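Throughout, read-outs are computed from the coordinates displayed, never taken from laboratory work. Keep in mind the model is a prediction, meaning the values are calculated, not measured. For neighbour counting, all protein chains shown are included, and Cβ atoms are generated from backbone atoms with ideal geometry for every residue, glycine included.
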Amino acid sequence: MPRVLPCRRVVLQALATACLAATGGVQAQPQAATEAPLPAVRHGRIERWANVPSRHVDARHVDVWLPDGYTPDKRYAVLYMHDGQMLFDARTTWNQQAWNVQDALTRLRAAGRIRDVIVVGVWNNGKWRHSEYLPQAFLPGLPADFREALVRDGLQGKPQSDAYLRFLVEELKPAIDARYATRPDRDNTFIMGSSMGGLISVYAMNRHPEVFGGAAGLSTHWVGIFKPNAALPLAAFNYLRQHLADPATHRLYQDHGTTELDAIYAPYQSLVNSLASERGYVDGHNLLALTFEGTGHNETAWAQRLEVPLTFLLRP
């Protein structure tokens, strides 16, 4: 389990007030000063929203990365990312690996390859991660016995992905837009994750196409559990066939490696790519689906190719 990370900065009262006004009662809470520090970054800075409560899901931390030179005189796109405790500093993660998102974004922005952006790193909630990240609308498409076992054992009796997305869309996003100089429209709001985080990212774009203009799933875990199966991917494909967001207004990025858990993904991802093409997505334009030979299922691999999805989603 990822260990809970800490905070060295008390959330400002102004920030709490903005959150309260924007969400009708949601506000960040300060953390104890004795807890471990924020992830250290060489570029930009991180502001911790600690123990953010919700009407829909359990409280969790949110780490907001602001680039060098952040100023309210400019407007910024927003990239929402799952597994927020794994994004910035390998010294603070459970496996000593991190995405190093801040470094990739800084390089790309300096080269003029992406628009100005901030990152909202939403922490996973420990034991409820699978429950919050497995798309709830896939469940009715499963055989009854498979569904019952999955909900009981995999989701601990509590499917929560729709509630988690309501937290993002109805509570967190309004608070972020109230506090920071964002571009709040769909065309400047994106979502990204890996593995189950990739699955919930694709689902978020298609569940809330009015909010998210693009999604990226790295090593998207289409099988939903930890072994190959037909039931969950088929339920996912049937949902997407009916609900895939309009290609005229959305972008979809997908990838996988070929080792570790990624070794089982190719046939499932191929079918998703075909569904997207049938819907009108065009490879290289609003769809990008890649295979990275010899890479596995870990933050080091995702960090090494992170510039690809960032450039695809955030191009000026």
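Here's the picture: charge each Lys and Arg Cβ at +1 and each Asp and Glu Cβ at -1 in the chain, and of Ala50, Gly284, Ala245 the one pushed furthest to the positive end of that dipole is Ala50.
Size descriptors for the range 73-112: radius of gyration and Dmax over Cα atoms are 12.3, 38 Å. The charge dipole of the chain, taken about the Cα centre with unit charges on the Cβ atoms of Lys, Arg (+1) and Asp, Glu (-1), comes to about 540 debye, rounded to the nearest 20.
Here the Debye sum runs over all C-alpha atoms of the range 126-168 as equal scatterers in vacuum, and log10 of I(q)/I(0) at q = 0.18, 0.21, 0.22 Å⁻¹ comes out as -0.46, -0.61, -0.66.
One quarter of the convex hull surface, Cα atoms only: what value does that give for the range 172-285 in nm²? Please report the intermediate quantities before stating the final value.
On the way: hull surface 30.1 nm².
If you wrap the Cα atoms of the range 172-285 in a convex hull and average its projections, you get 7.5 nm².
Taken along the Cα-to-beta-carbon direction at a fixed 7 Å, the label points for Lys127 and Asn95 span 2.2 nm.
With distances taken between every two different alpha-carbon atoms, the range 43-168 has a Kirkwood hydrodynamic radius of 16.4 Å.
Rounded to the nearest 20, the Cβ-based charge dipole of the range 158-316 about its Cα centre (Lys and Arg +1, Asp and Glu -1) stands at 260 debye.
The DSSP beta bridges internal to the chain are antiparallel in roughly 25% of cases.
Shown here: the range 219-269, whose C-alpha atoms stretch 35, 22, 14 Å along the first, second and third principal axes, sorted largest to smallest.
Under the √(5λ) rule applied to the eigenvalues of the Cα gyration tensor, what semi-axes describe the equivalent ellipsoid of the chain? Give them in Å, descending. For the chain, the ellipsoid semi-axes come out as 29, 22, 19 Å. A convex hull fitted around the alpha carbon atoms of the range 116-239 yields 101 Å³ per residue.
Per the helix-only calculation at 222 nm, which mean residue ellipticity applies to the chain, given -39500 (n - 2.57) for every DSSP H run of n ≥ 4 and division by its residues, nearest 500 deg cm²/dmol?
Working: 11 runs with 99 residues, N = 316.
About -9000 deg cm²/dmol.
FRET efficiency for Leu275 and Phe226, Cβ-Cβ distance as r, R0 = 22 Å, nearest 0.05? With R0 = 22 Å, the Cβ-Cβ based efficiency is 0.40. According to the Kirkwood relation over distinct C-alpha pairs, the hydrodynamic radius of the range 266-316 is 12.4 Å.
With one equal scatterer per alpha carbon and no solvent term, the Debye-computed log10 I(q)/I(0) for the range 190-231 at 0.19, 0.20, 0.22, 0.28 1/Å reads -0.51, -0.56, -0.64, -0.85. Whole-Hz Karplus values for the range 81-93 come out as 10, 7, 6, x, 6, 9, 8, 10, 8, 4, 6, 10, 9 Hz, taken residue by residue from phi with 6.51 cos²θ - 1.76 cosθ + 1.60 and θ = phi - 60°; glycine and proline positions read x.
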